[in-house]
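Worksheet: the structure to be examined is printed underneath.
The values are calculated or read from the model by the stated rules, or taken from the named source; none is laboratory data. Because the structure is predicted, anything quoted here is derived from the model rather than measured. Methodologically, a virtual Cβ is constructed for each residue, glycine included, from the backbone with ideal geometry; neighbour enumeration extends over all protein chains shown. These accessible areas exclude ligands, DNA and RNA; they are computed on the full protein's heavy atoms, side chains included. Shrake-Rupley method; radii C 1.70, N 1.55, O 1.52, S 1.80 Å.
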Amino acid sequence: MKITIRDITKRYGAFTALQNVSLEVPQGKLVALLGPSGSGKTTLLRVIAGLEAPDSGSVLYEQDDVTQRAAKERNVGFVFQHYALFGHMTIFENIAFGLRVRKWKNDAVRERVTELLRLIQLEGLEKRLPSQLSGGQRQRVALARALAASPQMLLLDEPFGALDAKVRADLRRWIRQLHDEIHMTSVFVTHDQEEAFEVADHVVVMNKGRIEQEGAPDEVFAHPANAFVTDFLGHVNVFHGRIQNGRAHIGTVEMPMSFDVPAPEDHAEEGAEVTAYIRPHEVDIDRVSHGSDSMFAIVTRVNRSGSTVKIALVAQEGQLPLDVELPHERDAELGLVVNDRVWVYPRQVRVFRREEAALDKETAA
Ligand code: ADP
Ligand code: MG
C-alpha cells in the first residue's frame, strides 16, 4: 500500500513539530526517516498511524483519505524502541495477542504464530517468557507481534535504539532481508545515519519539523543538498572561509568550489562567508605540491587499525586540524609517519553560505 502525506502541519501549543511536510512512501518500499532528536520523526510516524491528528494536511492510504480515521481502524503494525512485550505471557501468546483480540480460532492462531516464529527465526523458543530472551530476540518478537494480523504497513520507531552496537548491526541486516521477503510498505525512524543508509530504499532527512532532503541513500550521500545534511551525515571536516574571485578561501588556502552547490552564482558573491565541508575519504595526500588546490600540512597521528588508514594532520601553522582516510595501498606507497610534512588534496569540497551553515549547525547540536 502506498502512503501519501500532503502538507502536514502539527503543533503542540505554540511549538510547531511538523511544518508543511509532504512525502510519498511507495508501495512495498522501506523508507527511513532520519534526523536529530526533536526533528519530528516520531510525530510524523504517529500522524501516519493515526495516533496523532494533524492541524492541517492529509494522509492517504492509496487514494483513501484516512486523516480523520482512528488508529485502530487503520490496520498498521507498530514497533517501538522499548519492546512493550507482556512480561507474564509466553512468546507464543505475545505474538498471538492481536489475533486473540480479533477472535481468531485456535488452529488459525497456531498456524500464523508458527509461521511468524519461522520468519523471526525463533522457532522452539515460543514457550519462553520475554525475560528469558536477549534484547535483540525480544525486538524480533515485537516485530512478529506487529506483523501478526497482516497489517497494511509497518511503522518502526527507533526499533533498535535500546540495543548495543553489534546486535543493532545484525538486526539491521536481518530487517533488510525480512523486508525483501515480505515487501511490506514500511517507515523506519532512526537518528543513526549508518542504520538508515544500510537499511532503507529511500532516506528522508528531517530537521526542525521539515524535510531537508530525500532520495535514494547513494544519491543523498553523494549529493547532500545543504549544510545541514552534509553536517548531519557526519564524518566530515568543517572549515570556515570566504569567496574570493569565485573560489573558496580557507585561511590562506584556495579551495576548489563544490560541484554540488545548487546555485553557484549565489555563492560566488565576492567576500561572502562560506563553510566548506571535506570528507576524509575524498582527500589525497602527497609529498609534493601540485599547485593551489592543495594545503601544506603536518601529520600528527596515523591509525592503521581499520579498513582504511586514518591520518590526522594540521594545516596552516597548526590552525586547521584535518582528518584524512586513505586506502591501505596508498598509505603503503606514502609510508607516512608523525611529523611528516605533506600536501593535502581535497578531491571534492562542498561549499555552502555561512549564514545557512551556521543556522543549521545550531539546530544540529
Ligand atoms: P523525534 O522523534 O525526531 O525525536 P518528536 O517527533 O518526538 O521528535 O518531537 C518533535 C518535537 O515535538 C520535540 O521538540 C518534542 O519535544 C515535541 N513534542 C513531541 N510530542 C509532544 C507533545 N505531546 N507535547 C508537546 N510537545 C511535543
Ligand atoms: Mg522519536
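Note on segment 321-339: residues that are open to solvent by less than 30 Å² (accessible area, probe 1.4 Å) and part of a loop (DSSP other than H, G, I, E, B) total 1. Does ARG176 meet the test of being within 18 Å of ALA17 (Cα to Cα) and either basic (Lys, Arg) or touching a Cys at 6+ places or on another chain (Cβ under 6 Å) (or both)? Against the criterion (within 18 Å of ALA17 (Cα to Cα) and either basic (Lys, Arg) or touching a Cys at 6+ places or on another chain (Cβ under 6 Å) (or both)), ARG176 does not qualify. Check segment 51-73 and report whether any residue there is within 16 Å of ligand 2 (Cβ to nearest atom), assigned to a strand (DSSP E or B), touching a residue at least 40 places away in the same chain (Cβ under 8 Å) and surrounded by 15 or more Cβ atoms within 10 Å (Cβ to Cβ). No: segment 51-73 contains no residue that is within 16 Å of ligand 2 (Cβ to nearest atom), assigned to a strand (DSSP E or B), touching a residue at least 40 places away in the same chain (Cβ under 8 Å) and surrounded by 15 or more Cβ atoms within 10 Å (Cβ to Cβ).
Screening ALA32 against (1) more than 16 Å from ligand 2 (Cβ to nearest atom); (2) part of a strand (DSSP E or B); (3) farther than 11 Å from ARG210 by Cβ leaves a single unmet condition, (1).
Within the group ILE211, ILE175, which residue is within 17 Å of the chain's Cα centre (by Cα), within 16 Å of ligand 1 (Cβ to nearest atom) and of a type in the set (A, V, I, L, M, F, W, C)?
Numbers: ILE175 fails: within 16 Å of ligand 1 (Cβ to nearest atom).
Unique residue meeting the criteria: ILE211.
Residues in segment 178-208 that are within 16 Å of ligand 1 (Cβ to nearest atom) and open to solvent by 30 Å² or more (accessible area, probe 1.4 Å): HIS191, ASP192, GLN193, LYS208.
For segment 35-68, the set of residues classified as within 16 Å of ligand 1 (Cβ to nearest atom), closer than 18 Å to THR185 by Cβ and not small (Gly, Ala, Ser) consists of LYS41, LEU44, LEU45, ARG46, VAL47, ILE48, LEU51, VAL59, listed by residue number.
Please verify whether SER39 is closer than 22 Å to GLU212 by Cα, hydroxyl-bearing (Ser, Thr, Tyr) and open to solvent by less than 10 Å² (accessible area, probe 1.4 Å), treating the condition exactly as stated.
Judged against the criteria, SER39 is a match.
Listed by first and then second residue, the pairs linking a residue in segment 81-110 that is assigned by TED's automatic domain parsing to the domain that holds ASP192 and in contact (Cβ under 8 Å) with a residue 24 or more places away in the chain to a residue that is within 16 Å of ligand 2 (Cβ to nearest atom) and among the acidic types (Asp, Glu), with Cβ atoms under 7 Å apart and 6 or more places separating them unless they lie on different chains, are GLN81/ASP157; GLN81/GLU158.
Can you name the residue in segment 293-320 that is free of Cβ contacts under 8 Å to residues at least 40 places away in the same chain and over 18 Å from VAL337 (Cα atoms) and is also least open to solvent (accessible area, probe 1.4 Å) among such residues?
Among those that are free of Cβ contacts under 8 Å to residues at least 40 places away in the same chain and over 18 Å from VAL337 (Cα atoms), it is SER307.
Can you pull out every residue in segment 74-83 that is away from ligand 1 (no atom under 16 Å from the Cβ) and open to solvent by less than 60 Å² (accessible area, probe 1.4 Å)?
Here is the first cut: in segment 74-83, the residues away from ligand 1 (no atom under 16 Å from the Cβ) are 74-77, 83.
Correct list: ARG74, ASN75, VAL76, GLY77.
Residue pairs whose Cβ atoms lie under 8 Å apart, separated by 6 or more positions or on different chains, with the first residue in segment 2-26 and farther than 19 Å from SER37 by Cα and among the basic types (Lys, Arg) and the second open to solvent by 70 Å² or more (accessible area, probe 1.4 Å) and assigned to a strand (DSSP E or B), are LYS2/GLU24.
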